[in-house]
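Everything below concerns the one structure shown next.
The values are calculated or read from the model by the stated rules, or taken from the named source; none is laboratory data. What you are looking at is a predicted structure, and each value in this text was computed from that prediction instead of being measured. Reconstructed Cβ throughout: ideal geometry from the backbone, glycine too, with neighbour counts over all protein chains shown.
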Amino acid sequence: MKKFLFVNPEKCSGCRICETVCSLQHEKVCNPAHARIQVIKWESSGVYIPMVCQQCEDPICETVCPMGAVYRDENTGAMLINYDLCVGCKLCVTHCPFGGIILGIDGQIKKCDLCDGDPLCVKNCEPKALQFIEATTMNFLKRKAAAQKFSELMQKLLSAT
Amino acid sequence: MVWNRKIAYIDLTSSKFKIKTISKSLRNQFLGGRGINMYHLYHQIAPGIDPLGPENVLLIGTGLLTGIPALGAGRCDIAAKSPLTGAVGDSNIGGFFAPELRFAGFDHLMITGKAAKPSYIWINNGEVEIRDASHLWGKDTFETQDQIRSDHNDEQIKSLVIGEAGENLVRYANVRTGMKNAAGRTGMGCVMGSKNLKAVAARGTMDLEFPYPDQLLDYCSEMNNMITGSRWARAQSKWGTLIIYSNTNTTGLIRTRNFQLNLLEDGENLEPEVMDEYTIGMSGCYGCSVHCRHRYVLKEGPYAPIFGEGPEYTSLGAFGTMVDCRKMDTVLVANHLVNKYGIDTLEIGGIIAWIMELYEKELLTEKMIDGFDLSWGNEEAVYELIKKISKREGYLGNLLADGFLPAIAKIGKESEYYAMQIKGMSNLHSDERPTPSLALGIATSTRGADHLRSRPAIDLYGLPEELLEEIYGAPVSSNYTSYKGKSRMVWWQELLYAITDSIGICKFQTVFCAVNAPKFEEFSKLINLTSGMKLSKPQIMEIGERVLTVERMFNNREGFSRKDDKLPERFFKEPTKLGFPIVKGKTIDRDKFNTLIEEYYSLHGWDNNGIPRDETLRELGIENKQPLKT
Amino acid sequence: MITGKIEILFQATFREITKKRKIVEQINEDCTFGEILAELAKKYGNDFFNIVNPQTNKISNDILVMLNGKGIREIDEKIKDKDVLIFSLPVGGG
C-alpha cells in the first residue's frame, strides 16, 4: 500500500536535521538552502512547522507545467521533475500552495523525491514529527490523538461528578 | 573543503578587516573551535592587558564538524581574556548561529580594538561589514535579534548578541542567541560590551563540503539512531537536565542555601515532572536529535505571560535550591530575566546565594544591603537583583556586577569564606564534598570553577571497574567517594571535552552522560569523514592535551599556578549534613586532594606547581612565550 | 518470613511507568536485588526485567540503580532492612 510523508508540527523540535540530511543526500554538501524540506519557525513563540511537498493527488505543479515535465513515480508516489523537459519557467514554484517546490541557489527547480521511497529526513527525525506511513495508519494516528484528548476530557468529567 | 575555510580579522577601531585561509598546520594541531581560539588567545594577547581594553581579542570559532546533521553539531566557541577571572575566558554556545556563520563563509572571527560607537558585525555570503548599532543599544537579547532580522528583511538571520548586562559591562554578562542559548561563562558578553559590539549577525547559503559526503551521511544517521535509541537520551529528550535534580536531591549532592545544606527539603515543586504543566514541547539545537530544552509558557503571576526555553538544571539551582526558593514559577521567571538581560545564570545565582548568606550572617552594612530584604526564599529579591545587577543600579547592583573578587574586597575578608568561587568564578550548585573527582575538576579548570571542563559524571553511576579501566586506561575506583584513579578520570574527561569544544558538538552526546555515548573513537571517524584528516585516538588525545596546555600557559603568564587550583575552605572544614550515609558527614581530605592534584599535573606533563614542563611543550610543539624571569 | 522494610524510589522513566515516587516493600531474610526486581516486574511490568543486560546478567550500564546512594550492578546484591533503592537513569549535565 502507498505510503505518505506525514508531518506533525506539534512534535517538531526545530533541530533542522531533516534539512541537512536532505541537502547532504541530494547535493552532497551541508547547506539547508538546498534542502527540499524546511522548518519554518516562529522562534519567539516556540512554533516550528516543517514544510515539504505534499505529493498531492491532483498536483497543481503538474497542471501548470507547460512542458509536461512534472510526473508521478508510480513506485513511490512522489511527484518528480523530468529535467530533460523542464525549462525552468518556475510556474510550479509560483503555484504550489505549500512552497513544496523550490528554486535552488543554482537556479534549478527542486523538490522532494521521497528518496526513492525511503525518506532520510524521516529516518533521522527522532521526535517523529515526520513519518512515512500508509494512509490507514495515518488515519488511525490522527483519530487516536483526537480520541486521547476526548478521553482525557471524559476522565475529568467523570472525576468531577 | 575544510582546507580553504576562512578566518576574518576584524579591527573595530579602524573598521578594517582582512580575510585569510586557516592554515593546514593549525587545523592539524588544534582542529577548530576552542582549540584554534586557544591558540590565538595565547599568541595574540599580551600578558597583563586590561580585559576591557581595546587590546583584548574576542575570538569566535565554529567547530570542525559544525554543520553536520548529528550530535548537536551547531556549536560555537567564544574566547577572550576573561574580565571576571583574568584567566582564560572561554564559553561554548549551541543554537543555530555557528552553522549559519559557516554557511556565510567563515569558520573563525578574530575581533580586535573598540568601535567608536555601538556597532554590529554583519556577515553575509563571504562579505564582512561593520554596521551602526545605535538603534539596538539598550534593547534586550530577544528584541535585538528581531530588530536585526527586520532591518535586513531576512527572518533567517542568526545573531550572537548581548543584552543590557553586556552593555553595562557586568563582568559575567553572557553572549546569547535564540531564546535561550548562551555562551554563559567567563563574561564574554562583557568583552563585547567593552568593544561597543552589540551583535555579530550571520546569514549564508554557501556550501559546506566534505571529502566523503555519502559515508558522512550514513555515519550521521547511525549516530542519530544510536543516540536516540539509548535510554539516557530518551530521558534527556523528555526532562532535559532537570532530571538530575531527582537524583541529587535524594542522595544529597546538591547545594542549598548557598553551601549550608546538601538537600532541599520540601523541594517537590522543583521535580522535573512539574514542568509538564508549563511545557508546550521540546526544542533542539542545530543537528541535535536529543532536544533537551523545554519550550514553556508561564500563564499566571505578575510576570506572565512568558514564553521561554529551558530551564536547565543550573537555573534550578541558581534560582531554586541555592536561594531556597521552592517554586518552579520562580525558576521560570528568573530564567527568562537572565536570558533577556544576557547574564550568566550560574554566576548570578551563585552571587545572590552568597549575598543572602552574608545577610543571614550579618556581615553586610546597611549601605551594602541597599534596602533589600535578602532573606532566604525571597523570590522578589532575586528578580530585583537580576535587574539591578544587569543595569548596574544602586549600591548593591553595582557591587555585585563586578563579580566575586572585587565584591569580597569591598565587603571584607570574612565574606571570602562564604564565597563558593574558584579563580573568581562561581561553582555549579552541585555539592562536591562527597565526590573527589568532581572536586578535582572544579579546582583545576582553566576557566575557574566549572563543571563543563572535565566533569566525570559517570563516576556517580557505580560502573564495573573493568569497564572504567577499559575507558580510562588504568584502574579507577567505581566508588564515587574514593580518591583512587580519580585524577586520571578528570584528566581523560578534560581531554575529551577540549576535543568536543574544538569539533563543535554537544557534550551531552559524549561520555558526559553515558558510558556508551560517543568518545575519541567516534570523533576520529567523524574528523576523517568531514576533513579527510586521519587522526588516531592517541593523536586526538594529544590535540586535547595541546589545547589544555596552551590554556595553562596563558594562565601561568597571567600569574595563575597551583596556588589557584584550590577549593573553597568550606570543602575541607564543614562536613555535609544530610543525604545517604555514603554522602553524609563528608569533607574533602586535604592531603589526599593534594596528591590528586599532583597526579593530575603529572598526567598532563606539568610540574608540581602546575606549570607545563619544557619537554611537554616540545612534544606538543608549543612555543614558550612566557616572559623571561629576571 | 518477613524481616524488614525497604524504600524504593522511582525517578525519570521509572516514575513514569509506576506513576509513583516512592513505595515501601517488605522483604524476607536473605533478600537479593534480583528478588526485588522480580516483584517489581510482577507489579509494574517487564520494563523492570529489561534493566538487566541478558549477556552479562548485570544491571545495564545505561541504567542507574542506587542502593543507599551507591550505584550497583550485581543482581545478587544483598538487600537488608531499612535499605533505600533508587531506580533512575544516568544523565549528566548542568
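The strands (runs of 3 or more DSSP E) found wholly in region C:1-88 and carrying at least 2 residues that are free of Cβ contacts under 8 Å to residues at least 40 places away in the same chain occupy C:22-28, C:64-67, C:70-72. For beta carbons closer than 8 Å, sequence separation of 6+ or different chains, a first residue in region B:22-39 that is free of Cβ contacts under 8 Å to residues at least 24 places away in the same chain and a second that is assigned to a helix (DSSP H, G or I), the qualifying pairs are B:LYS24/B:TRP3; B:LEU26/B:ILE36; B:LEU26/B:TYR39.
In summary, A:TYR71 fulfils each of the numbered conditions (1) without any contact (Cβ under 8 Å) to a residue 24 or more places away in the chain; (2) aromatic (Phe, Trp, Tyr); (3) assigned to a loop (DSSP other than H, G, I, E, B) with the single exception of condition (3).
Pairs are defined by a Cβ separation below 6 Å, a sequence spacing of at least 6 or placement on different chains, a first member in region B:224-246 that is assigned to a helix (DSSP H, G or I) and polar (S, T, N, Q), and a second member that is at pLDDT below 90 and surrounded by 24 or more Cβ atoms within 10 Å (Cβ to Cβ); the pairs so defined are B:GLN236/C:VAL91.
Just one of (1) within 27 Å of B:LYS388 (Cβ to Cβ); (2) more than 8 Å from every other protein chain (Cβ to nearest Cβ) fails for B:THR279. It is (1). The helices (runs of 4 or more DSSP H) located wholly in region B:508-583 that include 1 or more residues which are more than 29 Å from B:GLY448 (Cβ to Cβ) occupy B:520-531, B:537-557.
When you check B:GLU271 against the structure, is it more than 10 Å from chain A (Cβ to nearest Cβ) and surrounded by fewer than 17 Cβ atoms within 10 Å (Cβ to Cβ), yes or no? Against the criterion (more than 10 Å from chain A (Cβ to nearest Cβ) and surrounded by fewer than 17 Cβ atoms within 10 Å (Cβ to Cβ)), B:GLU271 does not qualify.
Yes/no matrix, rows are residues, columns are (1) free of Cβ contacts under 8 Å to residues at least 24 places away in the same chain; (2) farther than 22 Å from C:ASP62 by Cα; (3) of a type in the set (D, E, K, R):
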residue	(1), (2), (3)
B:LEU467	no, no, no
B:ILE471	no, no, no
B:LYS484	yes, yes, yes
B:TRP491	no, yes, no
B:LEU496	no, no, no
B:CYS513	no, no, no
B:GLU521	yes, no, yes
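I'm trying to understand the selection: among the residues of region B:577-619, which are of a type in the set (S, T, N, Q) and under 30 Å from C:ASP83 (Cα atoms)? B:THR587 - this is the single residue of region B:577-619 that is of a type in the set (S, T, N, Q) and under 30 Å from C:ASP83 (Cα atoms).
Take B:ILE505 and tell me if it is buried (at least 17 other Cβ atoms within 10 Å of the Cβ), part of a loop (DSSP other than H, G, I, E, B) and within 14 Å of chain C (Cβ to nearest Cβ). So B:ILE505 fails the test.
Report yes if B:ALA116 is part of a loop (DSSP other than H, G, I, E, B) and of a type in the set (A, V, I, L, M), otherwise no. Considered against the rule, which asks whether it is part of a loop (DSSP other than H, G, I, E, B) and of a type in the set (A, V, I, L, M), B:ALA116 comes out as yes.
Conditions tested, residue by residue: (1) in contact with a Leu (Cβ under 8 Å, 6 or more places away or on another chain); (2) more than 11 Å from chain A (Cβ to nearest Cβ); (3) charged (D, E, K, R).
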{"residue": "B:ARG185", "(1), (2), (3)": "yes, yes, yes"}
{"residue": "B:VAL191", "(1), (2), (3)": "yes, yes, no"}
{"residue": "B:LEU197", "(1), (2), (3)": "yes, yes, no"}
{"residue": "B:GLN215", "(1), (2), (3)": "yes, no, no"}
{"residue": "B:GLU222", "(1), (2), (3)": "no, no, yes"}
{"residue": "B:MET226", "(1), (2), (3)": "no, yes, no"}
{"residue": "B:ALA235", "(1), (2), (3)": "yes, yes, no"}
{"residue": "B:TRP239", "(1), (2), (3)": "no, yes, no"}
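In the set C:ILE27, C:ILE17, C:ILE8, only one residue is hydrophobic (A, V, I, L, M, F, W, C) and under 12 Å from the mean Cα position of the chain (by Cα); that residue is C:ILE8. Under the condition of being surrounded by 24 or more Cβ atoms within 10 Å (Cβ to Cβ), hydroxyl-bearing (Ser, Thr, Tyr) and in a loop (DSSP other than H, G, I, E, B), the residues counted in region B:281-328 number 2. Tell me, please, whether a residue that is within 14 Å of chain B (Cβ to nearest Cβ), within 30 Å of B:SER159 (Cα to Cα) and among the aliphatic types (A, V, I, L, M) can be found in region A:81-104. Scanning region A:81-104, I find at least one residue that is within 14 Å of chain B (Cβ to nearest Cβ), within 30 Å of B:SER159 (Cα to Cα) and among the aliphatic types (A, V, I, L, M), so the answer is yes. Each residue in region B:77-104 was checked for being within 11 Å of chain A (Cβ to nearest Cβ) and assigned to a helix (DSSP H, G or I), and 4 pass.
Of the residues making up region B:571-591, those that are touching a helix residue (DSSP H, G or I) at 6+ places or on another chain (Cβ under 7 Å) and more than 14 Å from chain C (Cβ to nearest Cβ) are B:PHE571, B:PHE572, B:THR587, B:ILE588, B:ARG590. Hey, could you check region A:20-30 for residues that are facing chain B (nearest Cβ under 8 Å) and buried (at least 24 other Cβ atoms within 10 Å of the Cβ) and say which is nearest to B:LEU208 (Cα to Cα)? Applying the filter and picking the extreme gives A:CYS30. None of B:THR186, B:THR112 is modelled with pLDDT of 95 or more, hydroxyl-bearing (Ser, Thr, Tyr), buried (at least 21 other Cβ atoms within 10 Å of the Cβ) and outside the structural domain of B:GLY504 (by TED's automatic domain parsing) except B:THR186.
Has region B:245-261 got any residue that is more than 22 Å from A:LEU130 (Cα to Cα), touching a Ser or Thr at 6+ places or on another chain (Cβ under 8 Å), more than 11 Å from every other protein chain (Cβ to nearest Cβ) and among the polar types (S, T, N, Q)? Yes: region B:245-261 contains one or more residues that are more than 22 Å from A:LEU130 (Cα to Cα), touching a Ser or Thr at 6+ places or on another chain (Cβ under 8 Å), more than 11 Å from every other protein chain (Cβ to nearest Cβ) and among the polar types (S, T, N, Q).
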